[in-house]
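Just so it is clear, none of the values below were taken in a lab; they were calculated from the coordinates. The structure presented is a predicted model; accordingly, all values stated were derived computationally and were not measured. Cβ coordinates were reconstructed from backbone atoms using ideal geometry, including for glycine residues, and neighbour counts include every protein chain displayed.
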Amino acid sequence: MDKLAMTDAIVTAKIEQKLSWEKIGTDLGVSPVWLTSACLGMNSASPEIAKKIVDYLALSPEVATALEAYPTKVWDQQVPTDPLIYRLYEVVGVYGETLKEVIQEKFGDGIMSAIDFSMEVDKIEDPKGDRVLLTLNGKFLPYKSW
């Protein structure tokens, strides 16, 4: 089973069981954001977590094997057209250079890791319209001279 078939099986089970990523993550004791990424094929799961996911969703062992497989992190290089994904792309387009300047001013020459990394998505209720709070938490990795 490849990652695409794995994702299809997981998402189908999630929908049929009327579950949310938040509930699955909470019940399994893992970050819902990480869980979603693994189930969509962009991260690998340990054998223990893969087994928990397939047991929870009543899926086949082949799904667990696919969850454990190391992903090839490739995505469409065209500008996304989904409005939510496009807006995130727009944020990076508009504020990417600003973030780079501010991060490097505070930390020095380097990057934020997307490997030693966590992310949270929170809802902030507001009478003018609810707000989305994204927290990206990555280790700073300085460039080294040799």
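Details
- Mean sequence separation of contacting Cα pairs (under 8 Å, at least six apart), scaled by the length of the range 3-68, corresponds to a relative contact order of 38 percent.
- Helix 47-57 vs. the chain, principal-axis angle (Cα, 0 to 90°, nearest 10): 60
- Computed label-point distance, nm, for sites Thr26 and Phe140 using a 7 Å Cα→Cβ extension: 3.5
- Nonlocal amide H pairs with Ile111, under 5 Å, H built at 1.01 Å: Leu141, Tyr143
- Here r is the Cβ-Cβ distance between Thr81 and Glu101 and R0 is 35 Å; the resulting FRET efficiency, rounded to 0.05, is 0.75.
- Relative to the longest principal axis of the Cα atoms of the chain, the long axis of helix 3-16 makes an angle of roughly 70 degrees.
- Point-to-point label distance, Arg131-Glu62, nm (Cα→Cβ direction, 7 Å offset): 4.7
- Calculated log10 I(q)/I(0) by the Debye sum over Cα atoms at q = 0.18 Å⁻¹ (choose from (i) -1.02; (ii) -1.21; (iii) -1.33), label: (ii)
- The chain: most fluctuating residue of Asp27, Asp130, Asp122 per GNM, C-alpha cutoff 10 Å: Asp130
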